[in-house]
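Notes for the one structure printed next.
The values are calculated or read from the model by the stated rules, or taken from the named source; none is laboratory data. Predicted, not measured: the structure shown is a model, and the values here were computed from it. Positions of Cβ are backbone-derived with ideal geometry, glycine not excepted, and every protein chain shown enters the neighbour counts.
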């Protein structure tokens with residue numbers, strides 16, 4: 001019923017949106033003398049803020065058309081190279097003529113399946129493209145997946161990661177941002193235990209919940225304080241008609257967004273108050289910056305109920321991976337099997353989603369990775385989002401990640 005109430009609310013607000021849009025146009029019209037008065041500007045600004053708050057945000061575009069390589073602009077196009085029912089593998093293909101002769105490392109960026117679209121990693125991807133062949137997992141919205149497609153759970157996620165690595169081929173460097181850190185680490189362990197010839201060359205875990213018992217955050221406390229039945233009855237809902245995924249049980253994206261926004265409600269309220277003021281003042285740069293952030297932040301997708309619930313239980317309640325009890329398809333996941341994959345963990349000092357030490361815990365689990373292939377970095381003065389996006393990511397974090405990949409490549413070449 002929760003999902004139905006959400007849809008009905010959107011439908012009920014639609015007439016108000018139409019009226020608000022008409023009023024906004026009226027009070028912005030160059031032919032309306034009131035538009036130049038403080039009252040006219042305030043009315044138009046209020047209508048704009050109302051439109052922002054009540055809009056249903058769709059999946060954003062990647063909007064990466066070109067990057068700078070060796071001082072020249074090089075065209076880039078995201079291409080679908082491998083498709084699965086619940087995920088597409090994209091390759092950010094650079095202009096072949098401009099990159100002829102380059103032998104850049106292959107990188108698979110595993111985007112989080114936690115409510116936001118993979119485009120949330122736009123800054124992560126763009127920083128990696130100039131010196132890497134970049135592949136990205138583009139997860140599909142469960143609301144659009146018909147029941148006939150079947151289930152998708154944590155075991156399937158692990159299988160998808162391993163399958164994508166095999167498709168890209170040997171010497172693939174994998175980067176997991178936040179939530180996928182656990183399934184990526186598990187996939188590497190499973191591949192190592194099977195003696196897979198296409199194990200990842202390196203594995204970078206960024207702000208991931210490997211062991212949430214270390215410096216638990218408010219998110220960790222909530223997940224651990226409620227029984228699994230509470231999540232099943234309180235946050236799982238059924239996709240209503242006429243969506244393609246009608247009758248599929250899901251964790252709705254709007255609930256995930258609500259949770260994130262209420263964690264920092266005052267900051268979001270201040271941001272919209274600032275938007276109102278900037279609209280009145282005609283500060284176009286600040287308005288554009290606000291719009292760009294919230295168009296991405298408020299674009300959300302649904303998760304299959306089985307994936308969400310299995311993740312809650314395995315990662316946040318049972319701590320199955322650090323306890324050595326996690327299983328994949330019935331087989332125990334042993335990170336000690338990983339020997340030929342370099343490991344880098346990256347954390348943000350101010351991360352309020354994954355506390356300090358939670359990602360670093362991967363080093364304790366991967367006990368058989370040589371010391372020279374281990375790397376850990378804590379970025380000062382950044383939170384969860386800043387550890388993979390923004391200026392600190394581009395200027396301080398990404399260069400270290402790049403150097404780790406190059407060092408790993410050189411060491412592997414010497415061993416051949």
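Among the residues of segment 35-73, count how many are modelled with pLDDT of 85 or more, exposed (fewer than 14 other Cβ atoms within 10 Å of the Cβ) and assigned to a helix (DSSP H, G or I). Total satisfying the criteria: 3. The residue of segment 299-315 that is surrounded by the most Cβ atoms within 10 Å (Cβ to Cβ), among those that are touching a helix residue (DSSP H, G or I) at 6+ places or on another chain (Cβ under 7 Å) and within 15 Å of residue 144 (Cα to Cα), is 302.
Counting only residues that are touching a strand residue (DSSP E or B) at 6+ places or on another chain (Cβ under 8 Å), part of a helix (DSSP H, G or I) and within 23 Å of residue 321 (Cα to Cα), segment 361-412 holds 3 of them. Within segment 10-30, does at least one residue satisfy the condition of being part of a loop (DSSP other than H, G, I, E, B) and surrounded by fewer than 12 Cβ atoms within 10 Å (Cβ to Cβ)? Checking segment 10-30: at least one residue is part of a loop (DSSP other than H, G, I, E, B) and surrounded by fewer than 12 Cβ atoms within 10 Å (Cβ to Cβ). In segment 179-211, the residue that is surrounded by the most Cβ atoms within 10 Å (Cβ to Cβ) out of those that are touching a residue at least 24 places away in the same chain (Cβ under 8 Å), assigned to a loop (DSSP other than H, G, I, E, B) and over 20 Å from the mean Cα position of the chain (by Cα) is 200.
Can you say whether residue 114 is surrounded by fewer than 16 Cβ atoms within 10 Å (Cβ to Cβ), outside any helix (DSSP H, G or I), within 31 Å of the chain's Cα centre (by Cα) and in contact (Cβ under 8 Å) with a residue 24 or more places away in the chain, as far as the supplied structure shows?
Considered against the rule, which asks whether it is surrounded by fewer than 16 Cβ atoms within 10 Å (Cβ to Cβ), outside any helix (DSSP H, G or I), within 31 Å of the chain's Cα centre (by Cα) and in contact (Cβ under 8 Å) with a residue 24 or more places away in the chain, residue 114 comes out as no.
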